[in-house]
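Below: one structure, written as structure tokens.
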Amino acid sequence: EAGSTKAVLSLRPGLSTEVWISFLMMAEVKEMEKLEEPLFILENGDVYTNPTEVKMSQLILPCHANHRGELSTGQLLKWMDTTACLSAERHANCPCVTASVDDIDFEHTLSIGQVVNIKAKVNRAFNTSLEVGITIMCEDPLSGTQWKVCKAFATFVARGSGLGKVQLKPVIPRTSEEQMEYSIAAERRRMRLHHLETIKDLVSSCTIQAESNFEESQSTVPAGMTRVESIELVLPPHANHQSNTFGGQIMAWMESVATISASRFCKGHPVLKSIDMFHFRGPSQVGDRISLKAIVNNAFKTSFEVGVCAEAYHQEDWERKTHINSAFLTFVMLNKDGELSTLPRIKPEPGDGERRYREASARKKIRLDRKYIISRKQTEVPLSVPWDPSNQVYLSYNNISALKMLAAKQNWVLNCTQNKAKLFTLEEGQFLSFKVEMSVSVNIKQVFMLLSDMSRRHEWDTHYQKFELIQKVDEDDVIYHVIAPSVNKESTFQDFVLLASRRVPCADGDPYLIALRSVSLPAAPPTEGLVRSEVLCAGFTLSEEEDTRTRITYYIQATPGVLPYITRDITGLSADLCKVFEACNKFLEQNKDMDKVVL
């Protein structure tokens, strides 16, 4: 980042800026190398390669760049879409069209003479759609160093020879990384389906109003001055072999008009930082005219949002138009020192302009919430994230995804076995995680129903005295206030505020999931006499072994509030944890014949 880089450079005045930037990039590469997965060797001795993996490398030439010598984001989007589409078609064995692209955050710019390396592979296939993960790296061919530019997820829909959709074969993940992405893809799909509802709900309950008392001054820009309209003719090079316009080409056109609109607002050359999730609502074909409209929706202190609408006018009927896509792009303006510039305010147009102004504020809040949730580190205090209706989808997604990522980790070490319950540990740097496995003679749906009801956990887990329901968010997410004996000698009890998220399998072979993490809620402030503790990631995965047997695996990442309970078991000073799971087994056995709840 510009600010942090400048601070680091000031510590070493004897070295040039170029040397230190190269040093920082190499440090980032080394950090990424630590995360690289070891080679997966097949039974025949060959190195495994994902059959859907497609790679593209492009040398950035002047024709690909803007006036600053930086790669045009529109050109990058076209390359990304092409690579992802080829990966999708390799799995589907038929033509595929872009259905949606998740949020994209651009971490670095790319310059003329550098090489952009794009890798795409199918993470998971659903009935008729599939998710493709796309990783973009930049390479300096002179030094050989590489660094990450961004990562994106695109959804494609398979199209057969006719007009109907194609039933896709499942993806079979082989490596631990593939298994993790396969598992989390189901949660990302769920989040996409709720994205538009989240925006609508937040806007409907939003108290943000477009200011009506704008004073005409140099610090206020009327939104109408940023309006841009353009039209493009879809030619054969813009389309695939079925004459459908490439999604990446439409994204490139939209980025172009958005940049013009942004330039009119900031009276300079803006930098695109992110693109919000968007969906392609309709197709366009060779011969269509694509109408593009862009306008600045809202401006914040150092960033602003540009909205773009793309519509297709069909050559057979010029009065008929199709709304193809609406996208929202966030720009910033840098000064000559590479620092963020303070921006003027935007004066929205009456009516629709005021609605767009409010919606942009809602999207800004969601972006900040999501970034805060995802960027939280285990070493940060407090660990909990504030919960409110605007971020409930992303908190739920993060809750489930964290449990799936913990479950996908390798190198668990068996520490002890007591009464058929196995206790494992995992040390990664300064982080310590635990899991307990056992098998019970109870139907998996019944186990899921019983363990999902946290209000009954005190019946089998003596570490918890009370689970009090605070709020039922929806059928899958519930917030509890938990009271437990304290591990702190200064207090008798501690409490937690936990978000419990549950998921039924998305497909055969998927586990049932119950995830727990701490959140903060105004309705449950810290209470005098109770030590507020936190849980970063915990929960159950349930897998069916037979019709009447279920394998239960419980995971938890160590935090000060729970660590003393577990370390006593690890060191052999206590068998409390195994006793808890013996009690859990007994609880499930006693309640396995009660009326089942429809899940």
Inset, instruction - Could you calculate the contour length gain from residue 197 to residue 269, that is, 0.36 nm times the residue separation minus the distance between their Cα atoms, to one decimal place in nm? - result: 22.5 nm
Legend entry - Highest-first arrangement of 461-472, 57-68, 102-113, where packing means the average Cβ count within 10 Å: 102-113, 461-472, 57-68
Inset, instruction - Kindly state, to the nearest 0.05, the FRET efficiency for residue 167 paired with residue 107, given R0 = 35 Å and r defined as their beta-carbon distance. - result: 0.40
Inset, instruction - Distance check, please: which entries in 78/301; 273/336; 78/148 exceed 20 angstrom between their Cα atoms? - result: 78/301
Inset, instruction - Pick out, from 106, 71, 129, the residue whose Cα sits farthest towards the positive end of the charge dipole of the stretch 47-176, with +1 on the Cβ of Lys and Arg and -1 on the Cβ of Asp and Glu. - result: 129
Legend entry - At R0 = 41 Å, FRET efficiency that the Cβ-Cβ distance of residue 352 and residue 471 yields, to 0.05: 0.75
Inset, instruction - Can you pull the one-decimal nm distance between simple spin-label points at residue 260 and residue 63, each 7 Å off the Cα toward Cβ? - result: 2.2 nm
Legend entry - In Hz, Karplus ³J(HN,Hα) per residue of the stretch 45-57 (6.51, -1.76, 1.60; θ = phi - 60°; x = Gly, Pro): x, 6, 7, 6, 10, 4, x, 9, 6, 10, 10, 9, 10
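Calculated FRET efficiency, residue 174 and residue 337, Cβ-Cβ r, R0 51 Å, to nearest 0.05?
Step by step, r from the Cβ atoms, then E = 0.60.
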Legend entry - the stretch 220-380: radius of gyration over Cα atoms, expressed as a fraction of 2.2 N^0.38 Å: 1.15
Legend entry - Mean-position separation - Cα centroids, the stretch 490-523 and the stretch 345-369, in angstrom: 33 Å
Legend entry - Per-residue ³J(HN,Hα) for the stretch 271-287, Karplus 6.51 cos²θ - 1.76 cosθ + 1.60, θ = phi - 60°, Hz, x for Gly and Pro: 10, 6, 9, 7, 10, 6, 3, 9, 10, 7, 8, x, x, 9, 9, 4, x
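Any read-out appearing in this document is the output of simple, stated calculations on the displayed coordinates, not a laboratory observation. These numbers were taken from a predicted model, which means no experiment stands behind them. Neighbour counts run over all protein chains shown; Cβ positions are idealised from the backbone, glycine included.
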